[in-house]
Structure formats: C-alpha cells, structure tokens
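Undergrad: The structure is given below, and queries will be raised subsequently.
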Amino acid sequence: MPEPSANEPAVRLEGVSITYRLADGSRYPAVAPVDLSVATGEFVALVGPTGCGKSTLLNVVAGLVSPSTGRVRIDGVALSGINPRAGYLFQQEALFPWKTALDNVSLGLEVRGVPKSEARARARSWLERVGLAAFADRYPHQLSGGQKKRVGLAQVLCRDPAILLMDEPFGPLDAQTRTIMGDLLLELWSADRKAVLFVTHDLEEAIALADRVVIMSAGPEARIIGDHPVPIPRPRDTHEVRLTPTFLDIHRTLWHELRAEVIKSYRQGEKID
Amino acid sequence: MRSRFVLTFWQILVLLGFLLFWHFGGVFGYLDPFFFSRPWDVLVRTWNDFVSGVIWRHLWITLVETILAFVIGSVGGVLAGFWLARRELLSAVFQPYLKAVNAMPRVVLAPIFALWFGLGIWSKVALGVTLVFFIVFFAVFQGVKEVSPVLVANARMLGMNERQMLRHLYLPAALSWMFASLHTAVGFALVGAVVGEYLGSAAGLGYRIQQAEGSFDVTGVFSGMLVLAIFVLLIDALVTLVERRLLVWRPQPVATGIQG
Ligand SMILES: Nc1ncnc2c1ncn2[C@@H]1O[C@H](COP(=O)(O)OP(=O)(O)OP(=O)(O)O)[C@@H](O)[C@H]1O
Ligand SMILES: [Mg+2]
C-alpha cells in the first residue's frame, strides 16, 4: 500500500459548495460550503434527509462533479477530473447488462491492462468472497436486487481502491439482507481498512457500521450540522450492536438532530409543488 | 407447453377460416374468380412454380437484393448513428435534413435509381438501402444517446478511456437497439427490393407479380404474394434466431405470466 502522509486525511473537502444550473436557466444551490474529511482507514457514514445532497457530495469526491467553490484533496493532493483512487458503488443499478457477473467484476481490472486470465481469476475470488461463486455466469437481469448489489461491491473492491464511496448500497434491500450485507461489508473492510464514505438514510445502519456519523441538513444550501464519533469497539456484529446502551444513546442524540431536518425537507417539497 | 399448442391451433383455425371464406365466396358467386382467383388455384400455381423451378431464379435475385440492401444499409446506419450521436453540433446541423429525407416516400426515388444504377439489381439495392439506413440510423443514434448516465459514470470510475468506453459501453448499447430494429429493417430491405423490381426490372418476385398483373393473371399475383409472405416469415425466423444468439444478456420479453 502506498504510504499516505501521516497527517493528511484520505479525503478532505475544503469549503466545497455545489450549485446546479437547471434547464430553465435558474440556479439551485444544493450544498452550501462544507468541510469534511475522512481519515485513512476511517469509516464515515453520511446521513441526511432525502434530496439534501449526499449523492452530490459523493460525486464530488469521485470527481464526477466539480465543486462550484472550494477544493477536494485526496491524500493531500488537489483533485481534478476523475478520482483514480476511489471506487464508487452507485445508488442506482450500474452493472453492465450485457456482461455476466464475472465479466462485470473483471472489467475494472481488464481495462487497467491486467491479463484476461488473471483478471478473471481475481474476479472469481471476489465473487466467492461476496458469496456469489455459483452465479458467475449469470447476467444482471438474472440476479436478485441483493445479488446485484453484491456483484457491484465485488466490481468496486476488485480494483482495490484506497477510498470506497458507497451511496445507499443496501437501500432497496429488506431489513434482514441489509444486516447480513452490513456484516459482510465490515468483514471485507476490516481486512485492509480502506477509507469509506458511506451514504445511508438509515440512522441505525450508519451507527452500526461507522466510526463517525456525519449529519447533513435539508437543502437547499445543505450544511453539515452534526459530526459524531461512534465509540463502539470493533469487531462489531451489526445486529447485536443495536441492543447495546451506547448504541441507543447515540441513536437518541442523532435522531433528535435529524428529525427536525427530515420534517423541514418534507415542508420544502410541499412548498414547491 | 399447452398454451403454445392452443395458440398454434387458433392460428391455423384463422387461416382455414380465411381460406374457406375465400373458397366458398367463389363457389356461391360472391367473389368472381376472375378478380379474386381461388385459394386452391393459387396453391397449385405456387406448387408448380417451385416444382418446375421457374421461381427459384427470381427468389434468388430478390434474396440477394434484400441481403445487400440490408447489409449496406445497416453498416451505414450503425456508422452514421454512432458517429453523429457523439457529436452534438454535427447532429444538430444534420437533424432537419435527415428527417426530411426520411419522410420522403421512397417510391419516387425508384425511377431515379433506375437511371443512375441501371435496371439490374443495384437500383433495387439502392432503394432498399435508403429504407434500411434510416431505420438503423435512428435506432443506433437513439441507443447511443440514451446510454444510462449511471453506466457512463461507472465506466469512468472503473478507469475506462474513450476507446474502452466505446467497446464496453456504447457499442453494446447501440447494438442492442440495432437488433430491436432488425426485424423492421429486414422487412424494409425486402420492400425496397420488391418495389424496385415491380417498377422496372427483368427478374425477381416483384417482377413476377408485375408480369402477372400486366396479363390480368390474378392467380399469378396471389401466388407471387404467397411466395413473398413465406419468404418474409422465413427471413424473420432467421433474424429471431440470430437475435437469440447475440442478445443472451437481455431479459426475454416473452411474458412468462401468460403461460402460467
Ligand atoms: N443534475 C442535477 N441538476 C439539478 N439539480 C440536481 C441535480 N442532481 C441533483 N440535484 C438536486 O440537488 C439536490 C441534492 O441531490 P442529491 O441527489 O445529492 O440528494 P441525496 O441527498 O442523494 O438524496 P437521496 O437520499 O434521495 O438520494 C436535490 O434537491 C436534487 O434535486
Ligand atoms: Mg442520493
């Protein structure tokens, strides 16, 4: 692993704001200037009401959207263009429908010039790790929602990115599957401790998984209104951990902060309609 | 399985009903055989044409024209669609002209093509090409334009360069759209060939029909149409076969619910 300078976080946003220009020419200030950093090896969860700009921030870290003001530093270096150190698991379905699960996973290696046979071997081992070895030859439409998410995870992790961006990766899944996926994610993550920025709308999931939970306010001009460490020791069992007093304390505090914003965001939607 | 059987049964029943109506319409004097012929006569004529072998040469010519029109039109359509879809300005400039040309009834072009390319197969191929090209062009253009932005973003995050995006993203997306238009395209290639033959040639199915019409041989006309229909069904089945092979990744549009 390349040695990151000790005091530079993997990701640092400095006064990043994003203003979208709409088709009718008007401007929508989605995110007010925010500062946020994710240390190397740190697991940060980002929660906030729907439409506040969580995906937008992730896109900025990925280099897909350039900030209107401010700067993104990756390991201390200013980012321009696509962030080559980041792997991004998108909120929406992003597998290539014309490729099998195996080809989808090996794709990221192949385009980097890894010989085909080696790329496939490594992809196969990743499919095994996410429990889908038997589904290697299936096409995305032949997989369930949860299986697709796991293939997506393998696709991203296969390239061994230093920074992992995850946008509500378990969003559309049922509660049990989410818990199991959470455990899987923590297990994979604990092997090499990448910097993780994990977006979720599920506060419990955020606390169960993360080292730190960051709360965003409702947009427009969304800000970061809370930043709380989660002092629960690892390794964690994401289900068991929900029953501990520490968890409940944190949950209560964060929920109070979040509730007002969620209500505000609904009001916002009503006003526009 | 059972529903498949039931379906075939009904399909055959419809055909039989039609033939019986036709036949007895003639028997009872509602359909004058001079204008409407008789189903049995048409079948016998068609059979004889195949047995005596006169039809094979015409079939062959029409097939060659259809294939040439289809291949040339498709390749042109794919290339042009691909190329224009990735160039905002150029496509904006050409858009109105493409639409205007596409709206033109191709029949009016047939005499001009005959003038340019002679009365041989190439004037028919040209007519087919003008039909096929636009179908494929618009399909591919649309396909490339509508590649999911999330897929594009994912491709970029996976580190693809322009060439790799073309190969892994745009080409497969465009091809799937091209195949969606394939049945129509093949059909139009045939239409181009037959219309071209009909308007002026010395061989082909269209020529056969035109000859029969010239001598008020209604049986000959219907026989020609029957051969054409069989021809179309065969080609369409072939296209379906190719499609199944190449688009295995696509969810089968056949609704499984119907069979359950
Ligand atoms: N391309 C765009 N053009 C204009 N406005 C946009 C664009 N993308 C997002 N927005 C707006 O920016 C705001 C933030 O969007 P974003 O997708 O980041 O929200 P989110 O926090 O990820 O929401 P969710 O939890 O529902 O996924 C929203 O109000 C959205 O309408
Ligand atoms: Mg989002």
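Undergrad: Which one of B:140, B:150 is out of contact with any helix residue (DSSP H, G or I) (no Cβ under 8 Å at 6 or more places or on another chain) and closer than 30 Å to residue A:81 by Cα? Walk me through how you get there before you give the answer.
TA: Numbers: B:140 fails: out of contact with any helix residue (DSSP H, G or I) (no Cβ under 8 Å at 6 or more places or on another chain).
That would be B:150, the only listed residue that is out of contact with any helix residue (DSSP H, G or I) (no Cβ under 8 Å at 6 or more places or on another chain) and closer than 30 Å to residue A:81 by Cα.
Undergrad: Also, I was wondering about something else. Would it be correct to say that residue A:109 is within 13 Å of ligand 2 (Cβ to nearest atom) and touching a residue at least 40 places away in the same chain (Cβ under 8 Å)? Break it down stepwise before answering.
TA: On the way: within 13 Å of ligand 2 (Cβ to nearest atom): no; touching a residue at least 40 places away in the same chain (Cβ under 8 Å): yes.
Here the answer is no, as residue A:109 does not meet what is asked.
Undergrad: Considering only the range B:106-118, state which residues are crowded, with 16+ Cβ neighbours inside 10 Å and among the hydrophobic types (A, V, I, L, M, F, W, C).
TA: B:109, B:110, B:113, B:114, B:117
Undergrad: May I ask you to say which residue of B:180, B:193 is in contact with a Lys or Arg (Cβ under 6 Å, 6 or more places away or on another chain) and closer than 28 Å to residue B:109 by Cα? Quick ask: steps written out before the conclusion?
TA: On the way: B:180 fails: in contact with a Lys or Arg (Cβ under 6 Å, 6 or more places away or on another chain).
Of the residues listed, the single one that is in contact with a Lys or Arg (Cβ under 6 Å, 6 or more places away or on another chain) and closer than 28 Å to residue B:109 by Cα is B:193.
Undergrad: Residues that are among the basic types (Lys, Arg), within 14 Å of chain B (Cβ to nearest Cβ) and more than 15 Å from ligand 1 (Cβ to nearest atom): does the range A:177-184 have at least one? Show your work before the answer.
TA: Step one: filter the range A:177-184 for residues among the basic types (Lys, Arg), giving A:178.
Keeping just the survivors that are within 14 Å of chain B (Cβ to nearest Cβ) gives none.
The answer is no, given that none of the residues of the range A:177-184 is among the basic types (Lys, Arg), within 14 Å of chain B (Cβ to nearest Cβ) and more than 15 Å from ligand 1 (Cβ to nearest atom).
Undergrad: Using the structure shown, decide if residue A:94 is within 16 Å of ligand 1 (Cβ to nearest atom), touching a helix residue (DSSP H, G or I) at 6+ places or on another chain (Cβ under 6 Å) and within 9 Å of chain B (Cβ to nearest Cβ). If you could, list the steps in order and put the result at the bottom.
TA: On the way: within 16 Å of ligand 1 (Cβ to nearest atom): yes; touching a helix residue (DSSP H, G or I) at 6+ places or on another chain (Cβ under 6 Å): yes; within 9 Å of chain B (Cβ to nearest Cβ): yes.
When the stated conditions are applied, residue A:94 passes them.
Undergrad: Before we move on, is residue B:151 assigned to a helix (DSSP H, G or I) and buried (at least 18 other Cβ atoms within 10 Å of the Cβ)? Don't jump to the end; show me each part of the working.
TA: Working: assigned to a helix (DSSP H, G or I): yes; buried (at least 18 other Cβ atoms within 10 Å of the Cβ): yes.
Yes; evaluated as a whole, the condition is true for this residue.
Undergrad: Which residues, taken from the range A:19-33, are within 16 Å of ligand 2 (Cβ to nearest atom) and either free of Cβ contacts under 8 Å to residues at least 60 places away in the same chain or buried (at least 20 other Cβ atoms within 10 Å of the Cβ) (or both)?
TA: Filtering the range A:19-33 for residues within 16 Å of ligand 2 (Cβ to nearest atom) gives A:20, A:28, A:30-31.
Scanning the range A:19-33 gives A:20, A:30, A:31.
Undergrad: Condition test on residue A:16, is it within 16 Å of ligand 2 (Cβ to nearest atom), open to solvent by less than 60 Å² (accessible area, probe 1.4 Å), in contact with a Pro (Cβ under 9 Å, 6 or more places away or on another chain) and in a strand (DSSP E or B)? Spell out the reasoning first.
TA: Values: within 16 Å of ligand 2 (Cβ to nearest atom): no; open to solvent by less than 60 Å² (accessible area, probe 1.4 Å): yes; in contact with a Pro (Cβ under 9 Å, 6 or more places away or on another chain): yes; in a strand (DSSP E or B): yes.
Considered against the rule, which asks whether it is within 16 Å of ligand 2 (Cβ to nearest atom), open to solvent by less than 60 Å² (accessible area, probe 1.4 Å), in contact with a Pro (Cβ under 9 Å, 6 or more places away or on another chain) and in a strand (DSSP E or B), residue A:16 comes out as no.
Undergrad: Filter the helices (runs of 4 or more DSSP H) completely within the range B:1-66 down to those with at least 3 residues that are farther than 18 Å from residue B:211 by Cβ and open to solvent by less than 100 Å² (accessible area, probe 1.4 Å). Steps first, answer last, please.
TA: Working: elements: B:2-27, B:33-36, B:39-52.
Filter on the range B:1-66 gives B:2-27, B:39-52.
Undergrad: For residue A:243, are the conditions met, namely being more than 16 Å from ligand 1 (Cβ to nearest atom) and surrounded by fewer than 17 Cβ atoms within 10 Å (Cβ to Cβ)?
TA: Numbers: more than 16 Å from ligand 1 (Cβ to nearest atom): yes; surrounded by fewer than 17 Cβ atoms within 10 Å (Cβ to Cβ): yes.
Considered against the rule, which asks whether it is more than 16 Å from ligand 1 (Cβ to nearest atom) and surrounded by fewer than 17 Cβ atoms within 10 Å (Cβ to Cβ), residue A:243 comes out as yes.
Undergrad: Can you name every residue in the range A:170-214 that is small (Gly, Ala, Ser) and farther than 19 Å from residue A:231 by Cα? So that I can check it myself, show each step before the final result.
TA: Taking the range A:170-214 first, the residues small (Gly, Ala, Ser) are A:171, A:175, A:182, A:190-191, A:195, A:206, A:208, A:210.
Scanning the range A:170-214 gives A:171, A:175, A:191.
Undergrad: Conditions: (1) open to solvent by 20 Å² or more (accessible area, probe 1.4 Å); (2) away from ligand 1 (no atom under 16 Å from the Cβ); (3) out of contact with any strand residue (DSSP E or B) (no Cβ under 9 Å at 6 or more places or on another chain); (4) within 13 Å of another protein chain (Cβ to nearest Cβ). Residue A:85 meets all but one. Number of the miss?
TA: Checking residue A:85 against (1) open to solvent by 20 Å² or more (accessible area, probe 1.4 Å); (2) away from ligand 1 (no atom under 16 Å from the Cβ); (3) out of contact with any strand residue (DSSP E or B) (no Cβ under 9 Å at 6 or more places or on another chain); (4) within 13 Å of another protein chain (Cβ to nearest Cβ), the one that fails is (3).
Undergrad: Any chance the range A:129-139 includes a residue that's open to solvent by less than 20 Å² (accessible area, probe 1.4 Å), away from ligand 1 (no atom under 16 Å from the Cβ), in contact (Cβ under 8 Å) with a residue 40 or more places away in the chain and closer than 16 Å to residue A:86 by Cα? If you could, list the steps in order and put the result at the bottom.
TA: Within the range A:129-139, the subset open to solvent by less than 20 Å² (accessible area, probe 1.4 Å) is A:130, A:132, A:136.
When the remaining residues are screened for being away from ligand 1 (no atom under 16 Å from the Cβ), the result is A:130, A:132, A:136.
After this cut, where a residue has to be in contact (Cβ under 8 Å) with a residue 40 or more places away in the chain as well, the list is A:130.
Going one step further and asking which of them are closer than 16 Å to residue A:86 by Cα, we end up with none.
Scanning the range A:129-139 turns up no residue that is open to solvent by less than 20 Å² (accessible area, probe 1.4 Å), away from ligand 1 (no atom under 16 Å from the Cβ), in contact (Cβ under 8 Å) with a residue 40 or more places away in the chain and closer than 16 Å to residue A:86 by Cα.
Undergrad: Considering only the range B:161-185, state which residues are within 8 Å of another protein chain (Cβ to nearest Cβ) and open to solvent by 20 Å² or more (accessible area, probe 1.4 Å).
TA: Across the range B:161-185, the qualifying residues are B:161, B:164, B:172.
Undergrad: For the range A:57-82, give me each residue that is near ligand 1 (Cβ under 9 Å from one of its atoms), in contact (Cβ under 8 Å) with a residue 12 or more places away in the chain and closer than 18 Å to residue B:148 by Cβ. Can you show your working first?
TA: Here is the first cut: in the range A:57-82, the ones near ligand 1 (Cβ under 9 Å from one of its atoms) are A:57-59, A:65.
If we keep only those that are in contact (Cβ under 8 Å) with a residue 12 or more places away in the chain too, we end up with A:57-58, A:65.
Scanning the range A:57-82 gives A:58, A:65.
Undergrad: Return yes or no: is residue B:88 in contact with a helix residue (DSSP H, G or I) (Cβ under 9 Å, 6 or more places away or on another chain), without any contact (Cβ under 8 Å) to a residue 40 or more places away in the chain and open to solvent by 70 Å² or more (accessible area, probe 1.4 Å)?
TA: no
Undergrad: Can you find, within the range A:57-73, the residue that is nearest to ligand 2 (Cβ to nearest atom) among those that are within 14 Å of chain B (Cβ to nearest Cβ) and open to solvent by 10 Å² or more (accessible area, probe 1.4 Å)?
TA: To start, the set of residues in the range A:57-73 that are within 14 Å of chain B (Cβ to nearest Cβ) comprises A:58-66.
Within this subset, residues satisfying the condition of being open to solvent by 10 Å² or more (accessible area, probe 1.4 Å) are A:59, A:63-66.
Details: A:59: 9, A:63: 17, A:64: 13, A:65: 12, A:66: 18 Å.
Ranking the candidates gives A:59 first.
Undergrad: Inspect all residues belonging to the range A:209-226 and state whether any of them is free of Cβ contacts under 8 Å to residues at least 40 places away in the same chain and open to solvent by 40 Å² or more (accessible area, probe 1.4 Å).
TA: As a first pass, look at the range A:209-226 and keep what is free of Cβ contacts under 8 Å to residues at least 40 places away in the same chain: A:225-226.
Remaining after also requiring open to solvent by 40 Å² or more (accessible area, probe 1.4 Å): A:225.
Looking through the range A:209-226, at least one residue is free of Cβ contacts under 8 Å to residues at least 40 places away in the same chain and open to solvent by 40 Å² or more (accessible area, probe 1.4 Å).
Undergrad: Here's a follow-up. Which of the residues spanning the range A:22-56 are among the small types (Gly, Ala, Ser) and either more than 13 Å from ligand 1 (Cβ to nearest atom) or away from every other protein chain (no Cβ under 14 Å) (or both)? Walk me through it before giving the result.
TA: First, pick out the residues of the range A:22-56 that are among the small types (Gly, Ala, Ser): A:23, A:25-26, A:30, A:32, A:37, A:39, A:41, A:45, A:48, A:51, A:53, A:55.
Result: A:23, A:25, A:26, A:30, A:32, A:37, A:39, A:41, A:45, A:48, A:51, A:53.
Undergrad: How many residues are more than 19 Å from residue A:225 (Cβ to Cβ), outside any loop (DSSP other than H, G, I, E, B) and either among the β-branched types (Val, Ile, Thr) or within 18 Å of the chain's Cα centre (by Cα) (or both) if we restrict to the range A:50-80? So that I can check it myself, show each step before the final result.
TA: First pass over the range A:50-80, keeping only residues more than 19 Å from residue A:225 (Cβ to Cβ): A:59, A:61-69, A:71-80.
With the extra rule that they be outside any loop (DSSP other than H, G, I, E, B), the set shrinks to A:59, A:61-62, A:69, A:71-74, A:77-78.
Retained after the next criterion (residues that are either among the β-branched types (Val, Ile, Thr) or within 18 Å of the chain's Cα centre (by Cα) (or both)): A:59, A:61-62, A:69, A:72-74, A:77.
So the answer is 8.
Undergrad: Within the range A:108-158, which residues are within 12 Å of another protein chain (Cβ to nearest Cβ) and outside any helix (DSSP H, G or I)?
TA: Matches in the range A:108-158: A:111, A:112, A:113, A:114, A:137, A:138, A:139, A:143.
The values are calculated or read from the model by the stated rules, or taken from the named source; none is laboratory data. It should be emphasised that the depicted structure is a prediction, and the values quoted were computed from it without experimental measurement. Cβ atoms come from the backbone with ideal geometry, glycine included; neighbour counts cover every protein chain shown. Ligands, DNA and RNA are excluded from the accessible area calculation, which covers all protein heavy atoms including side chains. Shrake-Rupley method; radii C 1.70, N 1.55, O 1.52, S 1.80 Å.
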